[in-house]
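Read-outs throughout are calculated quantities, based only on the coordinates presented, and are distinct from any laboratory measurement. Note that the structure is predicted; figures quoted are calculated from it, not measured. Counting neighbours? That spans all protein chains shown, and the Cβs are built from the backbone with ideal geometry, glycine included.
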Amino acid sequence: MGNSGPNLTDSRAHPSSAKNSSWKIEVLLAGSWRGATCTLLSRGHHHIIVDTGMPHEAHRLLNALEKRGIHPNDVRMVINTHFHVDHVLNNCLFPQSEIYGSQQSHDWCCEAYSDLLDEQNWVKLGLKYYPESADYERTSELMHALRRFALRWWDRKRLGDPSRFRWIETHPVPDDLEFLVTNGHVPGHVSVIVHKGSSPTIIAGDAVLTREHDENVFTMIPHNRKQFQLDRERILSMLGHILPGHDDAFSNSGGEPHTSS
Ligand SMILES: [Zn+2]
């Protein structure tokens, strides 16, 4: 995992993209103010899902796969941009898959959720993860919402069998994929860059919540607001196709960005 950013000059000249056929990229669940984008990458019979959504979306996710003739056991790899509940709770639907993500975001999110379940000390413990929350107007509302999420949804078992985790800190990534560390949302958050010919697709995860109106998304404040802004700007400066964590895809062609279907 490189800490340096992707270099677009490199990506244009990516050697393996010329040799192999490129990834087909399809949105399985469209991101919205209340749900995360789930994306399918396919190359022949090799299928990868990036982020898996919430339990109540399982049916829609499986339907979207079935429509494409893909059985859950055909999915051999899941990538989690981070381990917030709206991105990971259907990992368990893909028992044959290896699960890629950063150990840093996994540990951070798991510890945060379990601390938020602490009856006595959850407010104090929550501040450990979101030390900047006092700077926000709706701090208490946000922290209560986060605790409600933890109480209602957090279920370690839905993350998949721990033996299937492949931490990107130590495991190489498949050809033509690159992980870009975007720490602002949560520590260890990664965006996925799919190198595809001359124009990469950047699966931003929550480093770019929406194209324009992040304030409309019902998710937690950034762990580090300044870093979050830097991550967002860095991704928005890349030429290519951008898939936000909670919005429709759009393309960045260098001029005014235009929405694509
Ligand atoms: Zn998130």
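The phi-based Karplus calculation (6.51 cos²θ - 1.76 cosθ + 1.60; θ = phi - 60°) puts the 3J(HN,Hα) values of the stretch 172-183 at x, 9, x, 3, 6, 10, 9, 9, 10, 6, 10, 6 Hz, whole numbers, x for Gly and Pro.
Treating each Cα of the stretch 8-259 as an identical point scatterer and summing with the Debye formula, the log10 of I(q)/I(0) at q = 0.12 Å⁻¹ comes to -0.67.
Taking amide H positions as modeled 1.01 Å from N, with prolines and chain starts lacking one, the residues under 5 Å from residue 165 and 5 or more places away or on another chain are 99. Here the gap between residue 140 and residue 63, fully extended at 0.36 nm per residue and compared with their Cα-Cα distance, gives a gain of 23.9 nm. A run of the chain free of exposed loop cleavage sites, with GluC sites (Glu not before Pro) counted only in DSSP states other than H, G, I, E and B and at most 15 other beta carbons within 10 Å, reaches its longest extent at 1-118.
Residues considered: 236, 151, 89. Largest GNM mean-square fluctuation over the chain, using C-alpha springs under 10 Å, is found at 151. Each Cα pair under 8 Å and six or more residues apart adds its separation to the average, and for the chain the resulting relative contact order is 21 percent. Taking θ as phi - 60° and the Karplus parameters 6.51, -1.76 and 1.60, the scalar couplings of the stretch 192-199 work out to 10, 9, 9, 7, 8, x, 8, 10 Hz in sequence order, x denoting glycine and proline.
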